[in-house]
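Novice: Have a look at the structure that comes next, please.
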2 protein chains.
Amino acid sequence: MDQLAIGVDLGGTSIKCALVSRRTGLVHQASRDTEAARGPEVVLDNMAGLIKMMMERAEGPVLGAGVGSPGIINWDRTTVSEPPNLPGWKTVHLGEALSGRIGVPLEVLVENDANAAGLGSAHYGAGKPFDSFIMVTLGTGVGGAIIYQNRIFRGASGGAGELGHMTIDYEGPVDNHDIPGASEAYLGQRFLSAHAARMARQTPDSALNDTIRERGDLEPHLIYQAAVKGDQTALEILEWAGHKLGVLLGSAVNLLDIRKVVVGGGLSAAGDFIFESARTTIRQFVTHGLREGIEIIQEPRGNEVGVLGAAHLVFERVDDAVASSVGD
Amino acid sequence: MDQLAIGVDLGGTSIKCALVSRRTGLVHQASRDTEAARGPEVVLDNMAGLIKMMMERAEGPVLGAGVGSPGIINWDRTTVSEPPNLPGWKTVHLGEALSGRIGVPLEVLVENDANAAGLGSAHYGAGKPFDSFIMVTLGTGVGGAIIYQNRIFRGASGGAGELGHMTIDYEGPVDNHDIPGASEAYLGQRFLSAHAARMARQTPDSALNDTIRERGDLEPHLIYQAAVKGDQTALEILEWAGHKLGVLLGSAVNLLDIRKVVVGGGLSAAGDFIFESARTTIRQFVTHGLREGIEIIQEPRGNEVGVLGAAHLVFERVDDAVASSVGD
């Protein structure tokens, strides 16, 4: 029999929501502004509105809702604390807050947004062929998740996978947590754009300089577009970014012995412009015994893996309940 | 009822062997030269001799033997392949090789030596209070293990925990795998001694210069002895090493969300001379959300955790067999 669950991706700018079928994947999708500045009550109203809409569209019982959220998630996956970019939140029990608003009791499971994306990739995306892989999301920040034997590796308290804060140079530039040489200080959007602008200034004949004049900024997708057109500076910037990604992933492979990597987020659209140098670099940074079988691939489903993985939390919980009742 | 198993720590220089009681720990210990240069047959004879001796001393049935070994261990924990420092080995099935020599069938489980030490610390050493911790062994090289929920985290193929090859500076000095900025290129014995010699040359009034003249080298325990006597250069060297250790562990904590660290190996004897700066540094390199509850402590049992953990592999296997028969 098929199973239905709702997945929510709670972001600082928008809330994405989907009705997900275990058998066929996405059934319905919707999204709306988070209205984060109006505080937690409004954000929770907005989430509840989307969930209600999906429940009405479901042609069968909905088993529950999963939420991918920024911030600190407790071990039981019921609360989210102090999510960055969502002002005014302290600790919110999402099941209580949402059930009350929806008017029916709903089991709600929360997971770190990067972990939810990893789980989505594992079951519906590029990670499907692998039992274990590292997911890295190159967006505004650098997010990460460890999928181990088809599950999220959560660490001791649910916070594992912070690839963006791993250092690759202890004397390097600091990220927004003041960590020297954190990978986010190279690959995070703001940092990469700043690096690209510096590189462009040094090569006045690069088309990137026109882009800066027109757009005022060098967002990663604009660098990628210039690279597609053969702009040498743009190519070098993406190669530079790939090198930093390869160093980071090399460290992660050494620690985890998980040799498959799925890359998502906006910058992953640059594909082999980044991945080729990442693939060359990662081999240099991995111990001999772990070099075989390393793969770095792109997540083509983009942000969809976030809502899919969030919904999958519910399916996983159902499986666990069945397994433990069989064990009794 | 008590359980007995044999633990073996196979090193390039010596083989250590112990009879271990699940209830009381070490019962008997013995060690001998590995005679690695004489090839695998002699080494296996030497291992079998020690195991036989322990079996004769056991006042009850021995459930099996666990071996901590360098080299690549297969997923089933039966074979070891191409251990560095053991010339002439290809892939050896240890159960077969040892049972034949001992004259009775013996279940033999192999694990990476650093992982065995981690497991020993978890059940008999400094790691006992923690469900999950990172073990780092500062010896000739820098070894590591991840203990997660009282088990070895093995990664996808049994090779996880290579902390020594994680980079902390992608443009740093290379280790013996040519990895730039690998932690072993700072903290491995040879590298640390070379750094210490350079530091000593720059401070002619340091007592370390006398040590170099007398001993020809600056082994870590000599640096530690000078630090105890208040030699400023020695103190700075150990602080420098602690800083590198802190950077490395910060990266590992970000990835794993495992905030307890047990440090073993020869250099760990330097204790707070290293750990104080490691503790300060690790906080700078860990993302805000994971900074609480970080601990770095010393493994006081030294090399004993290697044989204890190896024996514990056997106890763990017995537990698993019981658990799976209950589940039937």
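The values are calculated or read from the model by the stated rules, or taken from the named source; none is laboratory data. From a predicted model like this one, the values you see are computed outputs, not experimental measurements. So basically every Cβ, Gly included, is an ideal-geometry build from the backbone, and we count neighbours across all protein chains shown. Heavy atoms of the whole protein, side chains included, go into the accessibility calculation; ligands, DNA and RNA do not. Shrake-Rupley method; radii C 1.70, N 1.55, O 1.52, S 1.80 Å.
Novice: Tell me, what ³J(HN,Hα) does each residue in region B:180-196 have, in order and in whole Hz, if you take phi through Karplus 6.51 cos²θ - 1.76 cosθ + 1.60 with θ = phi - 60° and put x for Gly and Pro?
Specialist: Values per residue, Gly and Pro as x: x, x, 4, 4, 5, 6, 10, 9, x, 3, 4, 6, 5, 5, 5, 4, 4 Hz.
Novice: More than 20 angstrom separation, counting every C-alpha pair in region A:26-86; what % is that? Could you put the intermediate results ahead of the total?
Specialist: Details: 661 of 1830 pairs.
Beyond 20 Å sits 36 percent of the P(r) for region A:26-86.
Novice: If you line up the Cα atoms of region A:94-211 on their principal axes, what length do they span on each, largest first, in Å?
Specialist: 61, 34, 30
Novice: Just checking the output field for A:178-189: average partner chain Cβ neighbours within 10 Å of each residue's Cβ? Please list the in-between numbers first.
Specialist: Values: counts 3, 9, 4, 7, 5, 2, 1, 0, 1, 0, 0, 0.
Counting other chains' Cβ atoms within 10 Å and averaging over A:178-189 gives 3.
Novice: About its Cα centre, what dipole magnitude does chain B give when the only charges are +1 on Lys and Arg Cβ and -1 on Asp and Glu Cβ, stated in debye to the nearest 20? Kindly include the intermediate steps, with their values, before the conclusion.
Specialist: Numbers: 27 positive and 40 negative charges, 55 e Å.
Approximately 260 debye in magnitude.
Novice: Let me ask something else. Counting other Cβ atoms within 10 Å, keep those with at most 15, restrict to DSSP loop, and tell me which GluC sites (Glu not before Pro) in region A:100-200 are left. Intermediate results must be reported in sequence, preceding the final value.
Specialist: Details: sites: A:107, A:111, A:162, A:171, A:184; in loops: A:107, A:162, A:171.
Loop-located and lightly packed - A:171.
Novice: Let me ask you something else. Where does the longest stretch of chain B lie that holds no trypsin sites (Lys or Arg not before Pro) found in a DSSP loop with 14 or fewer other Cβ atoms within 10 Å? Each step should come with its number before you reach the end.
Specialist: Values: sites that count: B:23, B:90, B:229.
In short, B:91-228.
Novice: May I have the convex hull volume per residue, in Å³, for the Cα set of the protein assembly as shown?
Specialist: Details: hull volume 115.0 nm³, N = 656.
It comes to 175 Å³ per residue, whole-number rounded.
Novice: Where only protein heavy atoms count, and the probe is 1.4 Å, what is the accessible area per residue for region B:4-112 in Å²?
Specialist: Values: 4890 Å² over 109 residues.
Spelled out: the 1.4 Å probe surface of region B:4-112, per residue, equals 45 Å².
Novice: Ok, one more. I'd like the antiparallel share, as a percent to the nearest 5, of DSSP beta bridges with both residues in region B:4-112. Mind dumping the intermediate values first?
Specialist: Working: 20 of 30 bridges.
For region B:4-112, the DSSP antiparallel bridge percentage is about 65.
Novice: Given a 1.4 Å probe, show me the residues in region B:276-291 buried by at least 40 Å² of accessible surface when comparing the whole protein assembly to the chain alone.
Specialist: Buried-area filter returns B:285, B:287, B:288.
Novice: Select from B:63, A:280, A:19 the residue farthest towards the positive end of the dipole of the protein assembly as shown; place +1 on Cβ of Lys and Arg, -1 on Cβ of Asp and Glu, and compute about the Cα centre.
Specialist: Ranked along the dipole, the leading option is B:63.
Novice: Related question: In deg cm²/dmol, rounded to 500, what helix-only [θ] at 222 nm does chain A give when every DSSP H run of at least 4 residues adds -39500 (n - 2.57) and the total is split over its residues?
Specialist: Result for chain A: -13500 deg cm²/dmol, rounded to the nearest 500.
Novice: When N counts the residues of region B:159-220, how does its alpha-carbon radius of gyration compare numerically with 2.2 N^0.38 Å, as a ratio?
Specialist: 1.31
Novice: Using the Karplus curve 6.51 cos²θ - 1.76 cosθ + 1.60 with θ = phi - 60°, work out ³J(HN,Hα) for each residue of region A:98-114 in order, rounded to whole Hz, and write x for Gly and Pro.
Specialist: The phi angles translate into 8, 4, x, 6, 7, x, 10, x, 9, 6, 10, 10, 10, 8, 3, 4, 5 Hz.
Novice: Any idea how far the Cα center of region B:106-180 sits from the one of region B:287-324, in Å?
Specialist: Measuring centre to centre over Cα atoms gives 10 Å.
Novice: Out of the GluC sites (Glu not before Pro) in region B:212-297, which ones are loop residues according to DSSP with at most 11 other C-beta atoms within 10 Å? Kindly include the intermediate steps, with their values, before the conclusion.
Specialist: Values: sites: B:214, B:236, B:239, B:276, B:292, B:295; in loops: B:292.
Listed in order of number, the matching sites are B:292.
Novice: How much of residue A:258 can a 1.4 Å solvent probe reach, expressed as accessible area in Å² and rounded to 10?
Specialist: Residue A:258 has an accessible surface of roughly 0 Å² with all protein chains in place.
Novice: Taking the simple approach of a point 7 Å from Cα along Cα-to-Cβ for both residue B:150 and residue B:209, what is their distance in nm?
Specialist: So the label points at residue B:150 and residue B:209 sit 5.6 nm apart.
Novice: Further question: Defining the label point at 7 Å along Cα→Cβ, can you sort the distances from residue A:45 to the same site in each other copy, shortest first, in nm?
Specialist: So the label point of residue A:45 gives 8.5 nm to the other copies.
Novice: Let me ask something additional. Under a 5 Å amide H to amide H cut-off, with H placed in plane at 1.01 Å, what residues pair with residue A:160 once short-range neighbours are removed?
Specialist: Placed amide hydrogens put A:155 under 5 Å from residue A:160.
Novice: Hey, another quick one. Run through region A:1-94 and list the GluC sites (Glu not before Pro) located in a DSSP loop whose Cβ has at most 11 other Cβ atoms within 10 Å.
Specialist: Details: sites: A:35, A:41, A:56, A:59; in loops: A:35, A:59.
Filter output for region A:1-94: A:59.
Novice: P(r) for region B:126-298, please, calculated from all Cα pair distances in 5 Å bins and given in %.
Specialist: 2, 9, 18, 21, 20, 15, 9, 4, 3, 1, 0
Novice: In the protein assembly as shown, carbon and sulfur make up what percent of the accessible area (probe 1.4 Å)? Don't jump to the answer; show the numbers that get you there.
Specialist: Details: 12810 of 26500 Å².
About 48 percent, which is the carbon plus sulfur part of the accessible surface.
Novice: Considering amide H positions built from the backbone, and no H for Pro or chain starts, which residues 5 or more places from residue B:112, or on another chain, come under 5 Å of its amide H?
Specialist: B:69
Novice: Let me ask something additional. Which Cα, out of A:174, A:37, B:97, lies furthest along the positive dipole direction of the protein assembly as shown (beta carbon charges, K/R +1, D/E -1)?
Specialist: The listed residue farthest towards the positive side: B:97.
Novice: Please report the relative contact order for chain B, taking Cα pairs under 8 Å with a sequence separation of at least 6, and give it as a percent rounded to a whole number. Each step should come with its number before you reach the end.
Specialist: Values: 718 pairs, mean separation 63.2, N = 328.
Once divided by the residue count of chain B, the mean separation gives 19 percent.
Novice: While we're looking at this one, here's another question. So which of A:16/A:229; B:16/B:229; A:260/B:260; A:16/A:90; A:16/A:52 end up more than 24 Å apart by C-alpha?
Specialist: Numbers: A:16/A:229 33 Å; B:16/B:229 33 Å; A:260/B:260 27 Å; A:16/A:90 22 Å; A:16/A:52 13 Å.
Table pairs above 24 Å Cα-Cα are A:16/A:229; B:16/B:229; A:260/B:260.
Novice: Now for a separate question. What would the Debye equation give as log₁₀ I(q)/I(0) for chain A at q = 0.06, 0.08, 0.14 Å⁻¹, counting only Cα atoms as equal point scatterers?
Specialist: With one equal scatterer per Cα and no solvent, log10 I(q)/I(0) is -0.22, -0.38, -1.09.
Novice: If you put a point 7 Å past Cα along the Cβ direction, how far is that point for residue B:150 from the same point in each other copy, in nm, smallest first?
Specialist: 2.6
Novice: Apply the Karplus parameterisation 6.51 cos²θ - 1.76 cosθ + 1.60, with θ equal to phi minus 60°, to every residue of region B:310-323 and state each ³J(HN,Hα) to the nearest whole Hz, in sequence, with x for glycine and proline.
Specialist: Per-residue couplings from phi come out as 4, 5, 5, 3, 5, 4, 5, 4, 5, 4, 5, 5, 5, 4 Hz.
Novice: Work through the residues other than residue A:101 whose Cβ is under 13 Å from its Cβ and net out their charges, Lys, Arg +1 and Asp, Glu -1. Intermediate results must be reported in sequence, preceding the final value.
Specialist: On the way: positive: A:52; negative: A:41, A:45, A:96.
That sum, taken over residues with Cβ under 13 Å, equals -2.
Novice: Can you tell me what percent of all Cα-Cα pairs in region B:4-112 are more than 18 Å apart? Working shown, then result.
Specialist: On the way: 2491 of 5886 pairs.
Cα-Cα pairs of region B:4-112 separated by over 18 Å account for 42 percent.
Novice: To the nearest whole number, what is the average tally of beta carbon atoms from other chains within 10 Å of the beta carbons of peptide B:150-162?
Specialist: Rounded to a whole number, the mean comes out at 6.
Novice: Ignoring ligands, DNA and RNA and using a 1.4 Å probe, state the total buried accessible area between A and B in Å², rounded to the nearest 100.
Specialist: On the way: alone 15110 and 15090 Å², together 26500 Å².
Buried area (both sides, nearest 100 Å²): 3700 Å².
Novice: Just want to confirm a number: the relative contact order over region B:65-207, from Cα pairs under 8 angstrom separated by 6+ residues, in percent. Numbers along the way, then the final one.
Specialist: Working: 251 pairs, mean separation 22.6, N = 143.
After rounding, I find 16 percent.
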